[in-house]
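Student: This structure is in structure tokens; I'll ask about it shortly.
Every number here is computed from the coordinates shown, using simple stated rules; none is lab data. Predicted, not measured: the structure shown is a model, and the values here were computed from it. Glycine gets a Cβ as well: all are built from the backbone with ideal geometry, and neighbour counts include every protein chain shown.
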Amino acid sequence: MTSESRRPAPRSPGVHRVPPGHRLVLTRRGASVSPWWSAPTPGHYEVAVARLRTALTGAVRVRTGAGEPVSTDLAGTDSTTLTVLAERFGPVTGITAHPRGVTAGGDLDFARALILPQLTRRTFELTDRHLPFAEAELPATDQPPLSAHLWGMFSAQLAAGLGVHLTGDGGDHLFQPAPTHLAELVAHGRLLRAVRDAGQWARARRISPVPLLRQAAGRDVTALATSGPGAAAPWLTPDTAYDRDPVDRTAAAALVDSLRAAARHAHADTELAASIGVELHNPYHDAAVLDAVLAARSWDRVSSIRYKPMLVDALGDLLPARHRDRTTKGTFETSFHTGVRARLPHLIDHCDGRLAALGLIRPDQLRAALHRAALGARTPWRTIVAAYGAETWLRAVDDAPAPSWTAHTTPARTTP
């Protein structure tokens, strides 16, 4: 049996997918598909910034307006902004995770700098059982969740919060995206800005700017959208390719595509949270917020020298100066290496699982990558996490009990 014959069919015969942003209308005469959403035409940056402030404030208000206490992640700029907005409408408990034995620095210092009348700060100490890839029973969800590799930590942190929890997921996609704007800079003749941004973006990620400039010159937005370390994974086979919905070669389309994919996986996180009784919300995924961001030109809303400029310009006056001037986000990369070392046999076992049986990965190459990660080598975590999440999710779905169905008949209505 070939790997191709083992792959599930991409869709049922005769069934076509409704493109994102379109509506399907069924009538007696048949079916029609028409667009119901399109990206707004970019305009003045100041107008877009004001629109973002209104949209994000509204997104938080509808989730906290009843005045019931909520909890938030209190860490990076995205989650801190949500915390500040939520506190305007009621009590908030901000939770900051930190490694065991670490009592200062990083997110802890930023959390202490935020002082609000209705804010209660709470710390969450990460122990060995919270390491990435820690073995924990993952509930079955509709699709692979973002937090599959962090479920041990994620579930414990959610349990330490309140029944309604706000997370900053989606902020990185909106305000610190891949350098797709380079293609539009070239298209509009802003060559010096394109060269400067490509150099600074590449330097920060320790890669060569030459491919970025080549892709920008060719206006290859798709390639720019997947640029950066870890964009390619040698353990993936050609069978992992799939037909993506066609997107325009614009930075706006790339941003929508990126956020749409993130939102699908984040929805699975809400299912995970619901399994332990927590109502999880992602305000940055709201349509009004996306519209506001896209109302600015691509090269205005991103910067290679400022950290998340559009978010800071929209709501920075509500944040302490320490947060407005922040240039980086917290990282737990060391804990990822530690997690791989601690769980290496478990991870190696995953290399010969469902993905390998479907012919989607090369197990030998994935095992080699995991061994290098255990030794502390530079690791493409994005693709490692994606492979682990997909494998774990497939196992959770296989192990989930089958749904039971009950027949129920209702007497037919009699027309008077």
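Student: Give me the net charge for the shell around Glu279: Cβ to Cβ below 14 angstrom, other residues only, Lys and Arg +1, Asp and Glu -1.
Tutor: Within the 14 Å Cβ shell, the charges total -2.
Student: Starting from the Cα of Thr120, move 7 Å in the Cα-to-Cβ direction to define the label point; list residues of region 73-97 whose amide nitrogen is under 17 Å from there.
Tutor: 73-74, 83-84, 86-97
Student: Only four residue types carry charge here, +1 at the Cβ of Lys and Arg and -1 at the Cβ of Asp and Glu. Report the dipole size of the chain about the Cα centre in Debye, rounded to the nearest 20.
Tutor: About 940 debye.
Student: I've got another one for you. Among 257-270, 206-219, what's the highest-first ranking by average C-beta atoms within 10 angstrom per residue?
Tutor: Put in order of decreasing packing, that is 257-270, 206-219.
Student: How big is the dipole moment of region 181-227 about its Cα centre under a simple scheme where the beta carbon of each Lys and Arg is +1, that of each Asp and Glu is -1, and everything else is neutral? Debye, nearest 20, please.
Tutor: For region 181-227, the charge dipole is close to 180 debye.
Student: Same structure, new question: Which residues' amide hydrogens lie under 5 Å from the amide hydrogen of Leu236, considering only partners 5 or more residues apart or on another chain, with H built in the peptide plane?
Tutor: Arg362
Student: For region 264-277, what does the Karplus curve 6.51 cos²θ - 1.76 cosθ + 1.60, with θ = phi - 60°, yield as ³J(HN,Hα) per residue in whole Hz, taken in order and with x for Gly and Pro?
Tutor: 4, 6, 5, 4, 5, 4, 5, 5, 4, 4, 4, 5, 10, x
Student: With the dipole of the chain worked out from charges on the C-beta (+1 for Lys and Arg, -1 for Asp and Glu) around the Cα centre, which of Pro363, Ala402, His285 lies farthest toward the positive end?
Tutor: His285
Student: So what are region 121-194's ellipsoid semi-axes, whole angstrom, largest first, if each one is the square root of 5 times an eigenvalue of the alpha-carbon gyration tensor? Please report the intermediate quantities before stating the final value.
Tutor: On the way: eigenvalues 286, 47, 32 Å².
Sorted largest first and rounded, they come to 38, 15, 13 Å.
Student: Once amide H atoms are placed 1.01 Å from N in the peptide plane, what residues at a sequence separation of 5 or more from Thr93, or on another chain, have their amide H within under 5 Å of its amide H?
Tutor: When sequence neighbours closer than 5 places are left aside, the close amide H contacts are Val70, Ser71, Thr72, Thr120.
Student: What share of the DSSP beta bridges in the chain is antiparallel, in percent to the nearest 5?
Tutor: The antiparallel proportion sits near 30 percent.
Student: Let me know the charge dipole size of region 333-399 about its Cα centre in debye, to the nearest 20, where only the beta-carbon of Lys, Arg (+1) and Asp, Glu (-1) is charged.
Tutor: Values: 9 positive and 7 negative charges, 60 e Å.
Roughly 280 debye, rounded to the nearest 20.
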